[in-house]
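To start, the structure itself, in structure tokens.
The values are calculated or read from the model by the stated rules, or taken from the named source; none is laboratory data. Values in this document were obtained by computation on a predicted structure and should not be read as measured data. Positions of Cβ are backbone-derived with ideal geometry, glycine not excepted, and every protein chain shown enters the neighbour counts. Surface accessibility is based on the protein's heavy atoms, side chains included, excluding ligands, DNA and RNA. Shrake-Rupley method; radii C 1.70, N 1.55, O 1.52, S 1.80 Å.
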Amino acid sequence: ALRQGGYAIILADYKLPQYNGMSALRTAKKVCHDVPFIFVSGTMGEDAAIEGLTQGAVDYLLKQDLKRLGSAVKRALREAENRRERLRAEKTLQLSNELLRESERRYRVVFENSPVPILEKDFSKVKDLFDRLRKEGVTDLENYFDQHPEAVRQCADLVQIVDVNQAALALHAAENKE
């Protein structure tokens, strides 16, 4: 019956005629591992309850005290839905990462094989310098650079070449990117 699917939750007694609850739990975890399993028993001891929880049951209730049944079922269903949602999110993230890696690979092929020389530069240190100058009260950068021509050289020195393609290497007669 479990193999047919369609179950939202499994409630099982610990002691069953011709079968036991732990065997039912193991079967359920193999066949429909994402369906919450709750023991409802009149004879389940503390050790058996702990064993059931460690084997994958989400809760256990005593038949003599079923007032928690509704809240236990709601919690188990909510947690199962949260697990399914987390798995969907993980699969989406994994797919996104695979697509990103493929996109990066295609970019790298286009970048490296372009007949046009391409230099990738990092201007972040120049931006940091501009931010520092603004904090020091410089409001007109053009005027500042007119008055401090050495700062223009400093900016040029702060620009870092991150990468170049093969055409740029050939243009500059460089043997490698180092």
Residue check: is Val126 β-branched (Val, Ile, Thr) and exposed (fewer than 12 other Cβ atoms within 10 Å of the Cβ)? no
Residue in segment 56-70 that is among the β-branched types (Val, Ile, Thr), open to solvent by less than 70 Å² (accessible area, probe 1.4 Å), at pLDDT 85 or above and part of a strand (DSSP E or B) present: no
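With the condition kept exactly as written, say whether any residue in segment 76-95 is under 18 Å from Ile10 (Cα atoms), in contact with a strand residue (DSSP E or B) (Cβ under 8 Å, 6 or more places away or on another chain), part of a helix (DSSP H, G or I) and open to solvent by less than 90 Å² (accessible area, probe 1.4 Å).
Looking through segment 76-95, at least one residue is under 18 Å from Ile10 (Cα atoms), in contact with a strand residue (DSSP E or B) (Cβ under 8 Å, 6 or more places away or on another chain), part of a helix (DSSP H, G or I) and open to solvent by less than 90 Å² (accessible area, probe 1.4 Å).
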For segment 112-141, pairs from a residue that is under 17 Å from Cys155 (Cα atoms) to a residue that is open to solvent by less than 70 Å² (accessible area, probe 1.4 Å) and part of a helix (DSSP H, G or I), with Cβ under 6 Å and 6 or more apart or across chains, are Lys125/Leu158; Val126/Cys155; Val126/Leu158; Val138/Tyr144
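Go through segment 25-55 and count every residue that is open to solvent by less than 30 Å² (accessible area, probe 1.4 Å) and either in a strand (DSSP E or B) or touching a helix residue (DSSP H, G or I) at 6+ places or on another chain (Cβ under 9 Å) (or both).
Summing the residues that are open to solvent by less than 30 Å² (accessible area, probe 1.4 Å) and either in a strand (DSSP E or B) or touching a helix residue (DSSP H, G or I) at 6+ places or on another chain (Cβ under 9 Å) (or both) in segment 25-55 gives 13.
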Counting only residues in segment 136-156 that are open to solvent by 100 Å² or more (accessible area, probe 1.4 Å) and in a helix (DSSP H, G or I), the one nearest to Val126 (Cα to Cα) is identified as Arg153
Taking the condition more than 30 Å from Ala174 (Cβ to Cβ), within 30 Å of the chain's Cα centre (by Cα) and small (Gly, Ala, Ser), does Ala12 pass? no
Among the residues of segment 54-98, which ones are among the acidic types (Asp, Glu) and more than 11 Å from the chain's Cα centre (by Cα)? Asp59, Asp65, Glu79, Glu81, Glu85, Glu98
Going residue by residue through segment 108-123, is there one that turns out to be open to solvent by 60 Å² or more (accessible area, probe 1.4 Å), of a type in the set (Asp, Glu) and not in a helix (DSSP H, G or I)? yes
